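The values are calculated or read from the model by the stated rules, or taken from the named source; none is laboratory data. Owing to the predicted nature of the structure, the values given are computational and were not obtained by experimental measurement. FYI the Cβ positions are ideal-geometry reconstructions off the backbone, even for glycines, and counts take in every protein chain you see. Just the protein is used for accessible areas: all its heavy atoms, side chains included, with ligands, DNA and RNA removed. Shrake-Rupley method; radii C 1.70, N 1.55, O 1.52, S 1.80 Å.
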Amino acid sequence: MRDEEIQTLNRPAAPRADEAATAARAATGAAPQPPAWLGPVLIVGIVLAALNLRPAITSLGALFEETRTGLHMSGAVAGLITSVPALCFAVFGITAPRLSRRFGPAAVVCAGMGLVATGLLIRPFMNNAAGFLAFSAVTLAGIALTNVLLPVIVKRWFPDRVGTMIGLYSMALAAGTSLAAAATVPMTAALGGNWRTGLLVWAGLAVAAVLPWLPIARAASRERAAAGPESPARADARGPRVVRSRTAWALACYFGLQATGAYITMGWLPQIFRDAGVSAGTAGVLLAVTMVMGVPLAFVIPGLAGRMRNQGPIAVTLGLFGLAGYLGLYLAPAAGAWAWALLLGISNCAFPLVITMIGLRAKSPAGVVRLSAFAQSTGYLISIPGPLLIGTLYQHSGGWDLPLALMAGLLIPQIVLGVLAGRDRTIEDECGMGD
């Protein structure tokens, strides 16, 4: 055999085209191209996940008296259950960045939807308050993780359509909230009147939400593996130190105050109308009107905010609608009830605005996950005392003058914080990270 042939045999084989492409991507840190089906399936997954972020809470609210009686809950336990959602959102939401770095945001959202489905499937079969509370916490843990990471998913896979996708997500969230509040009682009656069946129905929607996230999580996992451990996405996975950012604190406090207003509205608005002489049935419809306002506006506001460099004017406008609504409740709660319900419904659309700003105030997915976890966890902690304080003032003052004054007063710092959070800057710049 000639020397040239021996050298040819000993020479390493040339890599195939796909192997060469993979090696080139690993060398440059470039992520592989996602499969063509991923974008449409992601949109379906985001919508289904968002639809499941509130029915666990609002369906229980609709059947709370029946659930409390069926499980022989004490007043203290019943009060604990009403305050658990915000606490779970704060406690479990703060774990989202660590889990996202370890497993990837898509895998964590998939697991979160699994927790939501598991809790909703099991809790109606509990025969004591402790078990019911435990599996409610399982569901709320899944919701908390998904709350934090859906904006990250949007930033990662739809960077040029943040406003539109956040609008779609917010609209689905508002639709799920309203649907569960309005449909739980009629569905329970149609299915035999058992509160356990009425709560169990919503597990079906949660199971449906898990299905698209299974292939999404697999595709995202393959992408992370192909990108390699030294890819830029991994290199800056820790993200900026958000506690050093004034914008991050403004967003967190704005989130907390808007959540306070939303929980106060959901918890106390019907009672305000009933104390003014409005019938119980009409008071419930007025609350539904307030919540339904969030469906169309939750799509419009993020799209508008995404096209603006400064979102402060939107925060001011929403705050002024809220001030007008509270002033109307103070002066003529029954005579203008429908108008005040509409005004407060518009004001409560600060939620899709702040979610959009979270996506805009960070440059990278790593920054968004840190900012989302910080703003939402801190914000939900801030929101916990609000409904309790309103209830205490109502009980001790014997009327709604002081509580309404407090509600309106909280809108002033909310407007100021919205202006600060809406400025055209990023947390990376404030933390000295640059690009």
Matching residues, the range 288-317, being open to solvent by 20 Å² or more (accessible area, probe 1.4 Å) and touching a Cys at 6+ places or on another chain (Cβ under 6 Å): LEU297
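Residues checked against (1) part of a helix (DSSP H, G or I); (2) open to solvent by 30 Å² or more (accessible area, probe 1.4 Å); (3) out of contact with any Pro (no Cβ under 9 Å at 6 or more places or on another chain); (4) not β-branched (Val, Ile, Thr):
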site: LEU323; (1), (2), (3), (4): yes, yes, yes, yes
site: LEU327; (1), (2), (3), (4): yes, yes, yes, yes
site: ALA341; (1), (2), (3), (4): yes, no, yes, yes
site: LEU353; (1), (2), (3), (4): yes, no, no, yes
site: VAL369; (1), (2), (3), (4): yes, no, no, no
site: TYR380; (1), (2), (3), (4): yes, no, no, yes
site: GLY391; (1), (2), (3), (4): yes, no, no, yes
Would you mind stating whether SER397 is in contact (Cβ under 8 Å) with a residue 12 or more places away in the chain and of a type outside the set (A, V, I, L, M, F, W, C)? no
Taking the options GLY386, GLY409, name whichever one is at pLDDT below 90 and under 25 Å from CYS349 (Cβ atoms). GLY386
Quick test for you: out of GLY281, GLY277, pick the one residue that is closer than 17 Å to ALA341 by Cβ, outside any helix (DSSP H, G or I) and open to solvent by 50 Å² or more (accessible area, probe 1.4 Å). GLY277
Which of the residues spanning the range 65-82 are part of a helix (DSSP H, G or I) and open to solvent by 40 Å² or more (accessible area, probe 1.4 Å)? GLU65, GLU66, ARG68, THR69, GLY75, ALA76, VAL77, LEU80, THR82
Please go through the range 394-419 and give me each residue that is under 24 Å from the mean Cα position of the chain (by Cα) and open to solvent by less than 70 Å² (accessible area, probe 1.4 Å), ordered by number. MET407, LEU410, LEU411, PRO413, GLN414, ILE415, LEU417, GLY418, VAL419
Can you tell me how many residues in the range 36-73 are touching a residue at least 24 places away in the same chain (Cβ under 8 Å), under 19 Å from ASN127 (Cβ atoms) and not charged (D, E, K, R)? 7
PHE125 - would you say it is surrounded by fewer than 24 Cβ atoms within 10 Å (Cβ to Cβ) and touching a Lys or Arg at 6+ places or on another chain (Cβ under 6 Å)? no
How many of the residues making up the range 113-151 are in contact (Cβ under 8 Å) with a residue 60 or more places away in the chain and within 14 Å of ALA208 (Cα to Cα)? 6
Take GLY359 and tell me if it is touching a Lys or Arg at 6+ places or on another chain (Cβ under 8 Å) and either at pLDDT below 90 or surrounded by fewer than 22 Cβ atoms within 10 Å (Cβ to Cβ) (or both). yes
In the range 87-145, what residues are of a type in the set (S, T, N, Q) and assigned to a helix (DSSP H, G or I)? SER100, THR118, SER136, THR139
